[in-house]
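J.: Just dropping this structure here.
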Amino acid sequence: MAAREAALDLLSGEVLDVARGLLGFRIRSDIGGSVTVVRLTETEAYAGELDPASHAYRGETRRNASMFGPPGTLYVYRSYGIHWCMNVVVEPIGTAHAVLLRGGEPVRGRRLIEGRRGRADHLTDGPGKLCQALGVTGEQDGSSLLDGPVRLLPGKLPDGYRITATPRIGIAKAADRPWRFVARPQS
DNA sequence: GTCGCGATAGTCT
DNA sequence: GACTATCGCGACA
């Protein structure tokens, strides 16, 4: 199966399954003439208008418009006025379900990532850091993860990685739902 | 390793 | 005018 079809197949599922299933997938960005790749190890599910913690809970606005697009759309927003955070839109158009990409491990372009981050550790272990590492900004908001500058490539977690579910981070509403998924080497 | 705190500006009430 | 789907730093253990 081609990469595009494999990614679309996953994105057609239910948002919790997508959030879990994205672990091990890779994000490839081709921005500013340079390619960087990160393998995903941390995601969170947001259930659109059904989820008080979702940006889409109160319906469509200027900021969240791309959440209402087709599966595979990239939703990028500014967090705390400083950072960028990226989401993968899933399920049919209009449901505004999405998966926040929170963290990963550098696979390719490590030197470029270190340059963008301005340091050599903690490169991609947080949603703002992940976007900075990949060079993702509001310019990519609304682009397609299937054939845009930032793409989703199928992949598997390294041997020995285990997935755990925990409550989502940094939210006040619906804070009890264990919709954050983290993959770590078995300890 | 954990905890506390300030920075910062767009978005919505 | 209030509230963030965060980060990096310093203090402490």
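Each row is one residue, and each column tells you yes or no for (1) within 11 Å of DNA strand C (Cβ to nearest atom); (2) in a loop (DSSP other than H, G, I, E, B).
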site: A:111; (1), (2): no, no
site: A:132; (1), (2): yes, no
site: A:136; (1), (2): no, yes
site: A:148; (1), (2): no, yes
site: A:164; (1), (2): no, no
site: A:171; (1), (2): yes, yes
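J.: Among the residues in the stretch A:87-99, are any more than 13 Å from DNA strand C (Cβ to nearest atom) and among the charged types (D, E, K, R)? Full working, then the answer.
T.: First pass over the stretch A:87-99, keeping only residues more than 13 Å from DNA strand C (Cβ to nearest atom): A:91-94.
So of that shortlist, the ones also among the charged types (D, E, K, R) come out as A:91.
Yes.
J.: As an exercise: evaluate residue A:81 against (1) surrounded by fewer than 24 Cβ atoms within 10 Å (Cβ to Cβ); (2) on the phi < 0 side of the Ramachandran plot; (3) near DNA strand C (Cβ under 9 Å from one of its atoms) and give the number of the one condition it does not meet.
T.: Unmet for residue A:81, out of (1) surrounded by fewer than 24 Cβ atoms within 10 Å (Cβ to Cβ); (2) on the phi < 0 side of the Ramachandran plot; (3) near DNA strand C (Cβ under 9 Å from one of its atoms): (2).
J.: Give the residue, chosen from A:34, A:29, that is of a type in the set (S, T, N, Q) and surrounded by fewer than 19 Cβ atoms within 10 Å (Cβ to Cβ).
T.: Numbers: A:29 fails: surrounded by fewer than 19 Cβ atoms within 10 Å (Cβ to Cβ).
Result: A:34 is the single residue among A:34, A:29 that is of a type in the set (S, T, N, Q) and surrounded by fewer than 19 Cβ atoms within 10 Å (Cβ to Cβ).
J.: Are there any pairs with C-beta distances below 7 angstrom linking a residue in the stretch A:1-28 that is touching a residue at least 40 places away in the same chain (Cβ under 8 Å) and among the aliphatic types (A, V, I, L, M) to a residue that is surrounded by fewer than 20 Cβ atoms within 10 Å (Cβ to Cβ) and part of a loop (DSSP other than H, G, I, E, B), with the two at least 6 apart or on different chains, and if so which?
T.: A:3/A:154; A:6/A:154; A:7/A:146; A:7/A:154; A:8/A:146; A:15/A:91; A:23/A:157
J.: Give the residues of the stretch A:83-109 that are part of a loop (DSSP other than H, G, I, E, B) and more than 16 Å from DNA strand B (Cβ to nearest atom), sorted by residue number.
T.: Our first condition is that a residue be part of a loop (DSSP other than H, G, I, E, B); within the stretch A:83-109, this holds for A:91-96, A:109.
Scanning the stretch A:83-109 gives A:91, A:92, A:93, A:94, A:95, A:109.
J.: Also: Starting from the stretch A:120-135, keep only residues that are away from DNA strand B (no atom under 13 Å from the Cβ), then list their pairs with residues that are among the polar types (S, T, N, Q) and in a loop (DSSP other than H, G, I, E, B) whose Cβ atoms are within a distance under 7 Å, requiring at least 6 positions of separation or different chains.
T.: Matching pairs, first to second residue: A:130/A:124; A:133/A:124.
Yes or no, residue by residue, for (1) out of contact with any Lys or Arg (no Cβ under 8 Å at 6 or more places or on another chain); (2) modelled with pLDDT of 95 or more:
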| position | (1), (2) |
| --- | --- |
| A:78 | yes, yes |
| A:93 | yes, no |
| A:101 | yes, yes |
| A:111 | yes, yes |
| A:126 | no, yes |
| A:129 | no, yes |
| A:137 | yes, yes |
| A:140 | yes, yes |
| A:143 | yes, yes |
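J.: Name, by its number, the condition in (1) within 16 Å of residue A:138 (Cα to Cα); (2) touching a Phe, Trp or Tyr at 6+ places or on another chain (Cβ under 7 Å); (3) surrounded by fewer than 24 Cβ atoms within 10 Å (Cβ to Cβ) that does not hold for residue A:61.
T.: Residue A:61 satisfies every listed condition except (2).
J.: In contact with a Leu (Cβ under 8 Å, 6 or more places away or on another chain) and of a type outside the set (D, E, K, R) - does that describe any residue in the stretch A:171-179?
T.: Applying the first criterion (in contact with a Leu (Cβ under 8 Å, 6 or more places away or on another chain)) to the stretch A:171-179 yields A:179.
Remaining after also requiring of a type outside the set (D, E, K, R): A:179.
Yes, that holds for at least one residue.
J.: A further question on this structure: Restricting to the stretch A:84-105, count the residues that are more than 19 Å from residue A:170 (Cα to Cα), without any contact (Cβ under 8 Å) to a residue 60 or more places away in the chain and surrounded by fewer than 24 Cβ atoms within 10 Å (Cβ to Cβ).
T.: 4
The values are calculated or read from the model by the stated rules, or taken from the named source; none is laboratory data. Since the model is a prediction, treat every value here as computed from it, not as a measurement. So basically every Cβ, Gly included, is an ideal-geometry build from the backbone, and we count neighbours across all protein chains shown.
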